[in-house]
Amino acid sequence: MSQLTPVQGWSELLLALPEFLLTDAYIDEHDELVAVVELPRALQPCSRCGVLDLHRLHDYRRHTVRHLPVAGRACRLRWRKRLLACVEGCGTFVERTPSILPGAVWSRAAAPAAVAMSADNIPIDRIRRSFGVGWNTVMRAVTAAAELVAAVRPTRVGIDETLMTTGRLTTRRREFLTALVCLDTSLVVAVSQGRDRASAALLLADHAPDARVVACDLFSGFRTAAQQLDGVVVVADVFHVVRLALQALDEVRRRRQQQIHGHRGHKDDPLFKLRRVLRVGQERLKVSKLEQIFERLAAADTDDEVGAAWVAVDLLRRVYRAPDRDTAHRRLVTFYEWVATIEVPEVTRLARTIDTWQDQVLAFFDTRASNGPTESANARIKDVRRDRGFRNYDNYRARILLHAGQPRRVPTTTRIRSYTLTTAA
Ligand SMILES: [Zn+2]
């Protein structure tokens, strides 16, 4: 091994460690870069008495840590650490620097880089291998960073459940997670295991004590949990209300299909053919198309229950297009009246649910809060799981918070020169 003259500045340029001198660098048998560094001989405070002096050099110690990759190559720092003897006679002590903590296995710059990789959804195992540290070392850094993310206190939140897969292939089971999402940023604030009132209440109390608005699906456990917070407005999520209405419509169509044909929908059955178009909002269809659909419905279902249910769904959708709360309330009454007239059991059940949620449905017009951001956050939670499921909930939670709980970093590269046309004079 050849000894280089310590070069001022190289350590800063190549290793981002300005306080060190790079004294040697070589590629070892594992194809890793080994950078030998030392601190410049300078005044140091004694670790016991604190006297700042050029203490006597007693010996060297070697401290090896993992560092950021250099030009894509894994890098190890070998720090020749001086063991100094205090001029006041209190004994020996080693040099210290904030970049490499005593006993550390990796440099301080390495941990945030590994955390950023985890936030980009790179598996811990791959991160650990690229840094050459243990799995637990990476996970500890990720968990610590996730706790910072969890410290956010939102005022408008959405609460929703996500179905997850856990465990190895052989012990796989399905489990619900409840996620708390900030509606203003679409970021996950916290997650907890289970889908019940108690865990939702705990989530809200711990992570959103200042919440003013809570949007949730039509699960009464979430509503009860949210109502425990002082001065909070609970909003029934628009998408879930419409989804519930479409489910009721689907049930009517399937029941009528069985009653008329005695079997499940087949591609030639007139009701089955209409199933997709019935999910489209009527306001999006041309009048001629609408008339055509109603004619086909009347021909396919002599009791016209499906057509009546379709009208009910449209009346409910109209509620959400109201300009204000009073108009919405009036349209809701129109919906109830229509439901009472048609007497279709599935739709009556829907109206009863809407009735018990009426305050929360109308609260939409005071807050304009919907769980759209929550749904997009749920999609990002599912990203973290991929297809493998999770084994350890706490580790999984940390990775969710890092990936879905902070602003998406979009790497942008700034031009270093602007493009200018040069023309010959
Ligand atoms: Zn001393």
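A few points about this structure:
- Qualifying residue in the stretch 236-251 (condition: surrounded by 17 or more Cβ atoms within 10 Å (Cβ to Cβ) and touching a strand residue (DSSP E or B) at 6+ places or on another chain (Cβ under 6 Å)): yes
- Being outside the structural domain of residue 395 (by TED's automatic domain parsing), within 23 Å of residue 12 (Cα to Cα) and exposed (fewer than 14 other Cβ atoms within 10 Å of the Cβ) is a description that does not apply to residue 144.
- Residue selected from the stretch 222-270 under the condition at pLDDT 90 or above and of a type in the set (Gly, Ala, Ser), by the criterion nearest to residue 378 (Cα to Cα): 236
Let's see how each residue does on (1) under 40 Å from the mean Cα position of the chain (by Cα); (2) within 30 Å of residue 223 (Cα to Cα):
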site	(1), (2)
242	yes, yes
248	yes, yes
252	yes, yes
270	no, no
273	yes, no
305	no, no
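- Of all the criteria given as (1) over 24 Å from residue 340 (Cα atoms); (2) under 32 Å from the mean Cα position of the chain (by Cα), the one not satisfied by residue 288 is (2).
- Scanning the stretch 28-46 for residues that are within 20 Å of residue 62 (Cβ to Cβ) and either in a strand (DSSP E or B) or outside the structural domain of residue 71 (by TED's automatic domain parsing) (or both) yields a count of 7.
- Qualifying positions in the stretch 68-112 - closer than 16 Å to residue 14 by Cα and surrounded by 16 or more Cβ atoms within 10 Å (Cβ to Cβ): 68, 69, 74, 75, 76, 77, 78, 79, 99, 107, 110
- Scan of the stretch 292-310 for residues that are assigned to a helix (DSSP H, G or I) and surrounded by fewer than 19 Cβ atoms within 10 Å (Cβ to Cβ), ordered by number: 292, 293, 294, 295, 296, 298, 299
- Residues of the stretch 34-44 that are more than 11 Å from residue 78 (Cβ to Cβ) and more than 16 Å from the ligand (Cβ to nearest atom): 39, 40, 41, 42.
- Scanning the stretch 327-350 for residues that are surrounded by fewer than 17 Cβ atoms within 10 Å (Cβ to Cβ), charged (D, E, K, R) and modelled with pLDDT of 95 or more gives 330, 337, 349.
- Restricting the stretch 45-67 to residues that are away from the ligand (no atom under 16 Å from the Cβ) and of a type outside the set (S, T, N, Q), the residue that is surrounded by the most Cβ atoms within 10 Å (Cβ to Cβ): 67
- Yes/no for residue 72 being more than 16 Å from the ligand (Cβ to nearest atom), under 30 Å from residue 392 (Cα atoms) and modelled with pLDDT under 90: no
The values are calculated or read from the model by the stated rules, or taken from the named source; none is laboratory data. Only a predicted model underlies this, so the values are computations on that prediction, with no experimental measurement involved. Don't worry about glycine lacking a Cβ; one is built from the backbone with ideal geometry, like all the others, and counts go over all protein chains shown.
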